[in-house]
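Here the structure comes first, spelled out in structure tokens, and everything after it is commentary.
The values are calculated or read from the model by the stated rules, or taken from the named source; none is laboratory data. Source: prediction; values computed, not measured. Heads up, the Cβs are rebuilt from the backbone with ideal geometry, glycines too, and the neighbour counts pull from every protein chain shown. The accessibility values were calculated without ligands, DNA or RNA, using every heavy atom of the protein model including side chains. Shrake-Rupley method; radii C 1.70, N 1.55, O 1.52, S 1.80 Å.
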Amino acid sequence: MPTPWSPSRSPVSSTSVLIVGGGAVGLVLALELGRRGQDCIVVDEGDGTVEHPRTGGISVRTMEYCRWWGIADQVRGNAFPADYQLDNVFCTSIGGFELARRPGPSMANTPIPLESPERKVRCPQFWFDPMLAAAARRYPHVQVHHHTRYTGHRETADGVTATVQDVRTGRTHTVHADYLVGCDGAASTVREQLGIGMSGNPLLNYSVNVLFRCENLLERVGAAEAERFILVAPTGTWGNVTVVDGRSLWRLTVIGSEERLDLATFDAGAQVRRAIGGHAEIDIGVLSVSPWRRTQLVADSYGRGRVYLCGDAVHTMSPTGGFGVNTGIGDAVDLAWKLDATLRGWAGPTLLHTYELERRPIGLRNATAATANFKGWQAPADLSRILDEGPDAERARAAAGRQLLEATHAEWESLGVILGYRYENSPLCVPDGTPPVPDDYSIYVPTARPGSRAPHVSLPDGRSTLDLFGDSFVLLVDERSAQHDTTAITHLRNAADTTSLPLHVELVPATVAAVYEQPLTLVRPDGHVAWRGTTPPTTLVDTVRGAPTTLPTSRPDLARTADRRPD
């Protein structure tokens, strides 16, 4: 039985899952476990506030998850001004010469895409994370503890024993857990203790973020609204200013080089002045300065034994495109249902190992896409005359702007990255012999091919097919053929009952079956297609719960740990 956090009575607690890191990814994992009835403890050494928000854009896919969590309306209705225009501008400074402007509608005017019931939302991290925390805390078996630092763990035959410390008092506490998950960021202490390395490009450049406050900035410099101002000098792109709250908070990113910026001589105020075109008369308040290293790295393994890693702990990528935290949230969603299945006893011995098999290729893919976006900012345009006056300079700015817009097109049109990821060659998905659709970072082609995100189709009652998923396996049955498929459905239900695999059957109209292209489609708890066809194979339930006759070999510890995991 789990025991609550009670250092006043005992320095020892127990839980099913200990989550290290209380950012968005750790909170999503806790939320996903909590709504499935699993107890967990989240520890984070901060106080729960986000002093330097990095995340501002919530992707379409993450908003689809927010529907499952019951917070989509809250996220959509956050305090960011709904009528703020979300253009992207290449300019010499805010209010200076514009090279190009890519129009972006306000949230109020952003159309809902045909491919989803949701649209992307502008919601800064200091608003989004507390929404996740509140949603997780709705479940009494979810505990979130701040001011608590993870200091280490040891694995035993039946779980993990971790030591944590109250950073205010220095008092240590022991937590016994069935599983431990490190969601503790790019400098993950959990990953370091596991001895797992990172591969890729460890240095794209050094950068510095400056969070600053300025009232009525755009009006005072004579600039139109924009989500991001990309700052271009004759020597190249040197930074960008991104809107944070749509009112007075802004984030300047100064793009450095492969040489570490000297913070002792870094003048944040002067850099902000440069970004806004001088204007010494305008009051600027620098709130925080945060140096960081832009990288493209993916962990060599996503876990070891009973310890797993999520989010920035396993992949770091350029923020160009906003893929980082949204990719991490996808990690948490994938891992949560597999942990729940294992803890409940219906998982096969390889189910948890498929977490790495499925998610590591997505980390590699999305990190590559983010780097490609960043390189687009450095398009080889002729910038030598962009600060000059006169018709020739205007033509030079226009030409440079066209080149920059073309080079960065994929960053602004990235639905293929957001929705088009698929779990190719996953042992949990049964191939149907159809060829994969092109993996285009910009264009998403809806498909119910096994491994893909189950497509959105509007239902007659106003819901989306996506609203049918998220809790259990769902068998979609074309209502026109339901009577003919009775035997197949019964056999699948019996197999599910025998193994305690949760399965729900949904009759769907012809409009759904036309998109899914088969009379029967089995969708996993994470909303990905596991199988489609006319007659389910007799081994289908064992396949989707990770109980194959042969074991995958990508995890070197598999043979050592498979017999120790509940199945």
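Cβ-Cβ under 7 Å, sequence separation 6+ or interchain: first residue in the stretch 387-398 and assigned to a helix (DSSP H, G or I), partner open to solvent by 80 Å² or more (accessible area, probe 1.4 Å). Which pairs?
Correct list of pairs: Asp392/Arg385; Ala393/Arg385; Ala396/Asp382; Ala396/Arg385.
For Leu86, indicate whether it is assigned to a loop (DSSP other than H, G, I, E, B), crowded, with 17+ Cβ neighbours inside 10 Å and touching a Gly at 6+ places or on another chain (Cβ under 8 Å).
yes
Keeping to the stretch 458-476, report how many residues are more than 25 Å from Leu31 (Cα to Cα) and surrounded by 21 or more Cβ atoms within 10 Å (Cβ to Cβ).
In the first step, residues of the stretch 458-476 are kept if they are more than 25 Å from Leu31 (Cα to Cα); the result is 458-462, 476.
Pick out the ones that are also surrounded by 21 or more Cβ atoms within 10 Å (Cβ to Cβ) and you get 476.
Qualifying residue count for the region: 1.
Before we move on, is Thr327 open to solvent by 10 Å² or more (accessible area, probe 1.4 Å), modelled with pLDDT of 95 or more, in contact with a Gly (Cβ under 9 Å, 6 or more places away or on another chain) and not hydrophobic (A, V, I, L, M, F, W, C)?
Details: open to solvent by 10 Å² or more (accessible area, probe 1.4 Å): no; modelled with pLDDT of 95 or more: yes; in contact with a Gly (Cβ under 9 Å, 6 or more places away or on another chain): yes; not hydrophobic (A, V, I, L, M, F, W, C): yes.
For Thr327, the condition - open to solvent by 10 Å² or more (accessible area, probe 1.4 Å), modelled with pLDDT of 95 or more, in contact with a Gly (Cβ under 9 Å, 6 or more places away or on another chain) and not hydrophobic (A, V, I, L, M, F, W, C) - is not met.
Just to check your reading of the model, which residue among Gly324, Gly330, Gly401, Gly390 is within 14 Å of the chain's Cα centre (by Cα), of a type outside the set (S, T, N, Q) and more than 27 Å from Thr15 (Cα to Cα)?
It is Gly324.
Being in contact with a Lys or Arg (Cβ under 9 Å, 6 or more places away or on another chain) and of a type outside the set (A, V, I, L, M) is the filter; apply it to the stretch 202-215 and report the residue that is farthest from Ala367 (Cα to Cα).
As a first pass, look at the stretch 202-215 and keep what is in contact with a Lys or Arg (Cβ under 9 Å, 6 or more places away or on another chain): 202-207, 209-212, 214-215.
Add one more test, that the residue is of a type outside the set (A, V, I, L, M), and what stays is 202, 205-207, 209, 212, 214-215.
Details: Pro202: 12, Asn205: 15, Tyr206: 17, Ser207: 17, Asn209: 20, Phe212: 28, Cys214: 33, Glu215: 35 Å.
Out of the qualifying residues, it is Glu215.
If you scan the stretch 437-452, which residues turn out to be closer than 23 Å to Val477 by Cα and in contact with a Ser or Thr (Cβ under 9 Å, 6 or more places away or on another chain)?
Applying the first criterion (closer than 23 Å to Val477 by Cα) to the stretch 437-452 yields 445-452.
Within the stretch 437-452, Pro446, Thr447, Ala448, Arg449, Pro450, Gly451 meet the criteria.
Go through the stretch 26-69 residue by residue and tally those that are open to solvent by 30 Å² or more (accessible area, probe 1.4 Å), farther than 29 Å from Leu252 by Cβ and over 18 Å from the mean Cα position of the chain (by Cα).
Selection size over the stretch 26-69: 2.
Applying the selection to the stretch 499-535, what residues are small (Gly, Ala, Ser), touching an Asp or Glu at 6+ places or on another chain (Cβ under 7 Å) and in a strand (DSSP E or B)?
Selection gives Gly533 alone.
Do you know which residues across the stretch 346-374 are assigned to a helix (DSSP H, G or I), over 18 Å from the mean Cα position of the chain (by Cα) and β-branched (Val, Ile, Thr)?
Listed by number, the list holds a single entry, Thr354.
What are the residues in the stretch 478-512 that are under 22 Å from Gly433 (Cα atoms) and either of a type in the set (Lys, Arg) or buried (at least 22 other Cβ atoms within 10 Å of the Cβ) (or both), if any?
Once the filter is applied, which keeps residues that are under 22 Å from Gly433 (Cα atoms) and either of a type in the set (Lys, Arg) or buried (at least 22 other Cβ atoms within 10 Å of the Cβ) (or both), the stretch 478-512 yields Leu492, Val512.
Ala157: surrounded by fewer than 18 Cβ atoms within 10 Å (Cβ to Cβ) and either at negative phi or touching a helix residue (DSSP H, G or I) at 6+ places or on another chain (Cβ under 8 Å) (or both), yes or no? Give the derivation first.
Working: surrounded by fewer than 18 Cβ atoms within 10 Å (Cβ to Cβ): yes; either at negative phi or touching a helix residue (DSSP H, G or I) at 6+ places or on another chain (Cβ under 8 Å) (or both): yes.
So Ala157 passes the test.
Please pick out the residue among Ala224, Ala264, Ala275 that is at pLDDT 95 or above and open to solvent by 30 Å² or more (accessible area, probe 1.4 Å).
On the way: Ala264 fails: at pLDDT 95 or above; Ala275 fails: open to solvent by 30 Å² or more (accessible area, probe 1.4 Å).
The unique qualifying residue is Ala224.
Residue under question is Ser426, and the condition is that it be out of contact with any Phe, Trp or Tyr (no Cβ under 9 Å at 6 or more places or on another chain), open to solvent by less than 20 Å² (accessible area, probe 1.4 Å) and not aliphatic (A, V, I, L, M); does it hold?
Values: out of contact with any Phe, Trp or Tyr (no Cβ under 9 Å at 6 or more places or on another chain): yes; open to solvent by less than 20 Å² (accessible area, probe 1.4 Å): yes; not aliphatic (A, V, I, L, M): yes.
Against the criterion (out of contact with any Phe, Trp or Tyr (no Cβ under 9 Å at 6 or more places or on another chain), open to solvent by less than 20 Å² (accessible area, probe 1.4 Å) and not aliphatic (A, V, I, L, M)), Ser426 qualifies.
Please work out which residue is nearest to Trp250 (Cα to Cα), limiting yourself to the stretch 187-208 and to residues that are touching a Phe, Trp or Tyr at 6+ places or on another chain (Cβ under 9 Å) and at pLDDT below 95.
Selected residue: Val208.
List every residue pair whose Cβ atoms lie under 6 Å apart, where the two residues are 6 or more positions apart in sequence or sit on different chains, the first residue falls within the stretch 503-518 and is within 15 Å of Gly533 (Cβ to Cβ), and the second residue, located anywhere, is part of a strand (DSSP E or B).
Short answer, once both residue conditions are applied: Ala513/Asp478; Gln518/Arg532; Gln518/Gly533.
Name the residue, out of Leu114, Leu99, that is free of Cβ contacts under 8 Å to residues at least 60 places away in the same chain, farther than 22 Å from Thr55 by Cα and not in a helix (DSSP H, G or I). Break it down stepwise before answering.
Working: Leu99 fails: free of Cβ contacts under 8 Å to residues at least 60 places away in the same chain.
Selected residue: Leu114, the only one of Leu114, Leu99 that is free of Cβ contacts under 8 Å to residues at least 60 places away in the same chain, farther than 22 Å from Thr55 by Cα and not in a helix (DSSP H, G or I).
Filter the stretch 408-434 down to the residues that are at pLDDT 95 or above, part of a loop (DSSP other than H, G, I, E, B), over 21 Å from Pro519 (Cβ atoms) and not aromatic (Phe, Trp, Tyr) and list them by number.
Scanning the stretch 408-434 gives Gly420, Ser426, Pro427, Leu428.
Could you list, in sequence order, all residues of the stretch 464-498 that are within 19 Å of Val544 (Cα to Cα), β-branched (Val, Ile, Thr) and either modelled with pLDDT of 95 or more or outside any helix (DSSP H, G or I) (or both)?
Residues of the stretch 464-498 that are within 19 Å of Val544 (Cα to Cα), as a first pass: 468-477, 488-498.
Those left that are additionally β-branched (Val, Ile, Thr): 474, 477, 489-490, 498.
Passing the criteria: Val474, Val477, Thr498.
Regarding Thr320, is this residue part of a loop (DSSP other than H, G, I, E, B), out of contact with any His (no Cβ under 8 Å at 6 or more places or on another chain), buried (at least 16 other Cβ atoms within 10 Å of the Cβ) and in contact (Cβ under 8 Å) with a residue 40 or more places away in the chain? Spell out how you get there, then give the answer.
Values: part of a loop (DSSP other than H, G, I, E, B): yes; out of contact with any His (no Cβ under 8 Å at 6 or more places or on another chain): yes; buried (at least 16 other Cβ atoms within 10 Å of the Cβ): yes; in contact (Cβ under 8 Å) with a residue 40 or more places away in the chain: yes.
Taking the combined requirement at face value, the residue satisfies it.
Filter the stretch 232-261 down to the residues that are of a type in the set (Gly, Ala, Ser) and part of a strand (DSSP E or B) and list them by number.
We begin by selecting, within the stretch 232-261, every residue of a type in the set (Gly, Ala, Ser); these are 233, 236, 239, 246, 248, 256-257.
Within the stretch 232-261, Ala233, Gly236, Gly239 qualify.
Go through (1) modelled with pLDDT of 95 or more; (2) aliphatic (A, V, I, L, M); (3) within 17 Å of Gly348 (Cβ to Cβ) one by one and return the number of the condition Leu551 breaks.
(1)
Which residues, counting only those in the stretch 374-392, are at pLDDT 90 or above, open to solvent by less than 30 Å² (accessible area, probe 1.4 Å) and farther than 11 Å from Leu99 by Cβ?
Matches in the stretch 374-392: Phe374, Gly390.
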